[in-house]
Amino acid sequence: VKPAPFDYVLARSLAEALEVLGRHGEAAKVLAGGQSLVPLLNLRLARPAVVLDINGATELDGLTPADGELRVGALARLRGLERWATGRAPLLEEVLRLVGHPAIRVRGTVVGSLVHADPAAELPALLLCCDGAVRVRSAAAGERLVSGDALYLGPLTTSLRADELAVEARFRLPPPGAGWGFAEVARRHGDFALVGSLAWLALDPEGRVGQARLGFFGVGATPVRSQAGEAALIGRAPSPERVREAARAAAAALRPEADLHATADYRRRVAAVLAERTLSAAVCRCRSGP
Amino acid sequence: MGARYFGAAVRRREDPRFLRGEGRYVDDVKLPGLLHAAFVRSPHAHARIRAVRTDRAAGAAGVARVLAFADVARWMRPLPLFGAVPPGLAARVNVTLKQAPQLALARDVVRYVGEIVVMVVADSRALAEDACELVEVEYEPLPALVDPLAAAEASDLLLHAEWGDNVAVRFATGFGDAARAIAEADVLVRERFEIQRYVGMPLETRGVVARWDPRDGALTTWNGTQVVHFVQQGLCAALGLPPHKVRVIAPDVGGGFGTKASGYPEDLLIPVAAIACRRPVKWIEDRREHMAAAAHARGQVHDIELAARRDGTFLAVRDRIVMDLGAYNVWGIVLPYNTVAHLLGPHRVPHLAVECRGVVTNKVPNAPYRGAGRPEAVFAMDRIVDRLARALGLDPAAVRRRNYLSAADLPYELAIPYRDGNPLVYDSGDFRAGLEAALDAVGYEAVRGEQAELRRRGVYRGVGISGYVEGTAIGPYEGATVRLDPAGRAVVATGACSQGQGHETSLAQIAADALGVPLDWVTVVGGDTAAIPFGVGTFASRSAVNAGSSVLLAARRVRDKLAQAAARLLEAAPADVDIDEGMAFVRGAPSSRVDLARVIQAALPTFAAAGPVTPDFEATVYHHQPTVTYTSAVHVALVEVDPATGVVRLLRYVVAHDCGTVINPTIVEGQIHGGVAQGVGGALLEEMVYDEAGQLLTGTLMDYLVPTAMELPAIETVHLTYPSPRNPLGIKGIGEGGAISPPAAIANAVEDALAPFGVTVRRTPLGPAVVEALIRPAGGAAGPRT
């Protein structure tokens, strides 16, 4: 497992990175943490002519809370976000603990995981449930903000153009008082999930659901935010029956696929189970605090 | 011999270098002018090779040679085969055995994905891999045989046309009259159980470095193998060299598990490349090659029946076994007969009838892997025992109590021979005591009480039991040379190389006590054919008994000679000389002590006189071990199953075991822990999956799932000690045992947890989707039957 020959370019600034990407487009692959790209290179499943290392573009590092948003630079490691989230953002903390293993999180980047777009990964679903977006830049067209909803087109496929570099991810964290839930079934700790669900809810003063987010991963070509599940809860008291109906409605709309480890039907059934659990946990935390 | 070290929990002497990264593995062998090899491997499960064109690859950057079959034909002898039928077995069991020779480079036909077709040697591995992409091989694909049951019956599609069928091994054996006992029994349970194909997966992949020395006409090869002398024999035969011109060295080896005990194409191809290129050549197997082409294991189907009285007393077992041996029957009768010989285990069964067929398929050749037929046999037996308990409404522990043999029954003979052709007689042990010890350790009655309570709250816990009796330490011999240097420090050389078993500690403990020297005076050398001319190797839980006994006996001889030499110096009778901690002294007069260096110096001839003895304080013993010692254990697993997701959580794992006298309890526990971890992998995670075309679907460690520390509970062990009468130390083998019972114990526990749903576990691994499907038959509603 040695990669096919490629040219290696270390960009020392964002401008240089964009210039290289603009020049090579599809022929280039961006290297940040390398936790997904390097295995693909070694297996010769990815054969870019150019590997563009952005680790020299230090202006892309950093975690910045701003305007109720968390902004995560393209070089920020998963472990950095996990550390930041500890004690501040329990949903993020819990999700990140199941992204690979500590050694992977020390190298792997948040933005890299988001734009790698593995539909079984946790972070893309988190992005959707946190009304997130990715800020992208290119030398030719400047900057644009791609919302999570518009980002994911298919397995390992995003709406980013070949000359665009994802420079920052933005997450809007659940409001104070919101309750959350997260659950996944994986073959082993740290593996990509067979199926997973995450949710947060905020109740209004009458105890009805004011805001709801319900997401899934490992259930098809892209991560899913479930409008059907959320709609079944908004404006209603989240009774156990209501939660179960919402979970079932959400799962019924999924189009999961089969692989070596689980059938599509298993994923749909277990998606309902996990959604019920995450929503119930969220309700419970709304009432008792996080 | 004083027991200063034997039996003590001495810290492993090899660990500091491993923990500091100072081990020396095959890949650490760096030689000037080293070339690197990569292979073009078949992408087809079954195909005829029409043409091979290598000219583009040969012209690529950095390429030294591209070698196809025609280029190396003169060296292409069939790879070594193992597992012929020994005379004692042939006399009592009519075995039909067919073994097809594999060639190191495929000539006309490839029979599994990953079989080597062309070798490329270049300045770096990366350049060699680049050039591999330029080799053009024209294949004519042939239909692939993947399902072993279909292969067993097929007559139109044959892997080896000259055989007439695909059955490589066939025999029937047993004792008593099973058919009659079954016909007359109160109750009969029968099931089909399937053990999936799973593998050893050592942390270090395989690797070979070879250097040809034209001055001496000699080959040195470093090979991460468990069997240096077998590799040497294969090379001598293929290269036409005498053994002293072929030195095989297994340096530090990061796990073997049987995977590295086979004969492999690369063992020969890398030396051939070194000879052809007149430069040293290295090949380090990458993980993808390892998954696709290093030996696989397991893969059996049992149609098993158990007949019993109403009270649970066993009357008869009948089993029809089909096992998948992969593309070439490399290991002869080893896996089929091991399976049969271990089927009954700790149980008293008056009648047995077994039919066994080993078939070839278009998959990687199988080889023994930690347990080697025993995990499969034990899975079938312990699962059918639990099915019987359920059919009779009895507790599975109670059924085992009724049928387990105890100390009073031993020695106990099964009326079939062992694989070595000798009578199958359990030498020592108390399986019933092992059962009670394991049940006590887990708190069986309390667990059952808690189980009932938890079920009322919708929590599904289960407990599963599995027991085995394992023939360990297969002979016929291993040797050891014990040699003192002029300072009295000892070098112990043996053919039993270590892949992590701790020989440098355990064999040194034996030698130090027998010689009467401090432990750190002893250096153990394994895995070097230059250190000892004959050897068998490390596999089949054999090294402690076979090599350990030789070390003991050789060290005693050296000690006797030391006593003679010291007697002259001390002016005492040899019988009055004692040796301890490196000093010789007259017994009862410690102030007379002299150190061994002086004793040895005093043995040297002088101008005045020859020495009292010759100064070579050296002895070699080849301990003969005609048949095996019987290790036994009972494993108990406690699991919790989430019926909504099928997730199985392993809560506790208890092992009560007997491996005879213990040399080093730390090493024994380490062996058990590692074995259990691999068994848990087989129970819950690991499977090599091929599609209908014979393509491997689990080609990376993202798809083939080995357990990590996160998936394992603390493993609780109880040591029972029933010394073996079959060797001077009373020891038995422990290398494999841990891996034997987990699939059965965990499957039994999962079925027990889900008893309210009325499920039957027929196959491992028990991943969440598999378990959930058991609970919810297609389209059916999930819910306990109350």
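Where a number appears in this text, it was derived from the coordinates with a stated rule and is not lab data. Predicted, not measured: the structure shown is a model, and the values here were computed from it. Using ideal geometry, Cβ is built from the backbone for each residue, glycine included, and neighbour counts are taken over all protein chains shown.
Tabulated values for the structure
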{"quantity": "Quotient of C-alpha Rg and 2.2 N^0.38 Å, computed over the stretch A:1-81", "calculated": "1.21"}
{"quantity": "Amide proton proximity set for A:Leu31, modelled H, under 5 Å, gap of 5+", "calculated": "A:Leu52, A:Asp53, A:Ile54"}
{"quantity": "Antiparallel %, DSSP beta bridges [both residues in the protein assembly as shown], to 5", "calculated": "80"}
{"quantity": "Trypsin sites (Lys or Arg not before Pro) within the stretch A:54-136, DSSP loop, no more than 12 other Cβ atoms inside 10 Å", "calculated": "A:Arg88"}
{"quantity": "Intensity falloff of the stretch B:387-471 expressed as log10 I(q)/I(0), Debye formula with alpha-carbon point scatterers, at q = 0.17, 0.22 Å⁻¹", "calculated": "-0.82, -1.11"}
{"quantity": "Directionally averaged projected area (convex hull, Cα atoms, the stretch B:640-786), nm²", "calculated": "11.8"}
{"quantity": "Where only C-alpha atoms are counted, convex hull volume of chain A per residue in Å³", "calculated": "121"}
{"quantity": "Residue-wise HN-Hα coupling along the stretch A:174-184, computed from phi with Karplus coefficients 6.51, -1.76, 1.60 (Hz; x: Gly, Pro)", "calculated": "x, x, x, x, 5, x, 9, x, 8, 8, 8"}
{"quantity": "Stokes-Einstein D for the stretch B:234-368, Kirkwood Rh over Cα pairs, 4 °C, 1.567 mPa s (µm²/s)", "calculated": "71"}
{"quantity": "Rh (Kirkwood; distinct C-alpha pairs) - the stretch A:147-209, Å", "calculated": "15.3"}
{"quantity": "Equivalent ellipsoid semi-axes, chain B, via Cα gyration tensor eigenvalues times 5, rooted, Å", "calculated": "43, 38, 23"}
{"quantity": "14 Å beta-carbon shell around B:Val85, net charge (K/R +1, D/E -1)", "calculated": "+3"}
{"quantity": "Average projection area in nm² (convex hull over Cα atoms of the stretch A:71-221, one quarter of hull surface)", "calculated": "9.2"}
{"quantity": "Rg/Rg_ref, the protein assembly as shown, where Rg_ref = 2.2 N^0.38 Å and atoms are Cα", "calculated": "1.02"}
{"quantity": "Shielding by partners, peptide B:634-646 (average Cβ within 10 angstrom, other chains)", "calculated": "2"}
{"quantity": "Equivalent ellipsoid semi-axes - Cα gyration tensor, the stretch A:4-163, angstrom", "calculated": "25, 18, 15"}
{"quantity": "Long-range amide H partners of A:Ala253 with built H, under 5 Å", "calculated": "none"}
{"quantity": "Amide H contacts of B:Val525 (H built 1.01 Å from N, under 5 Å, at least 5 apart or other chain)", "calculated": "B:Val492, B:Ala493, B:Thr494"}
{"quantity": "Percent of C-alpha pairs per 5 Å bin, the stretch A:178-290, short to long", "calculated": "2, 14, 25, 24, 16, 10, 6, 2, 0, 0"}
{"quantity": "Net +/- balance of residues flanking A:Ala57 in space, Cβ distance below 13 Å, scoring K and R +1, D and E -1", "calculated": "-4"}
{"quantity": "For the stretch B:606-652, convex hull volume per residue from C-alpha positions, Å³", "calculated": "230"}
{"quantity": "Modelled FRET efficiency - R0 22 Å, B:Leu203 with A:Glu257, Cβ distances, 0.05 increments", "calculated": "0.10"}
{"quantity": "Cleavage-rule hits (trypsin sites (Lys or Arg not before Pro)) in the stretch B:394-500: DSSP loop, at most 16 neighbouring Cβ within 10 angstrom", "calculated": "B:Arg457"}
{"quantity": "Average beta-carbon neighbours from other chains, 10 Å sphere, peptide A:180-193", "calculated": "3"}
{"quantity": "Cross-link reach list, lysines versus B:Lys245, counting only Cα pairs under 22 Å and skipping chain neighbours closer than eight places", "calculated": "B:Lys30, B:Lys282"}
{"quantity": "Convex hull volume per residue for the stretch B:93-212, taking Cα atoms only, in Å³", "calculated": "234"}
{"quantity": "Where GluC sites (Glu not before Pro) fall in DSSP loop in the stretch A:129-215, at most 13 other Cβ within 10 Å", "calculated": "A:Glu206"}
{"quantity": "Mean residue ellipticity (222 nm) of chain B, computed from DSSP H runs ≥ 4 via -39,500 (n - 2.57), nearest 500", "calculated": "-8000 deg cm²/dmol"}
{"quantity": "For a label point 7 Å along the Cα-to-beta-carbon line of B:Thr614, residues of the stretch B:471-495 with backbone N under 18 Å", "calculated": "B:481-486"}
{"quantity": "Chain A: calculated mean residue ellipticity at 222 nm from DSSP helix runs of at least 4, using -39500 (n - 2.57)", "calculated": "-10000 deg cm²/dmol"}
{"quantity": "Summed residue charge, Cβ within 9 Å of A:Leu173's Cβ, Lys/Arg positive, Asp/Glu negative", "calculated": "+1"}
{"quantity": "Computed over the stretch B:184-238, Cα set: Rg, Dmax in Å", "calculated": "22.8, 76"}
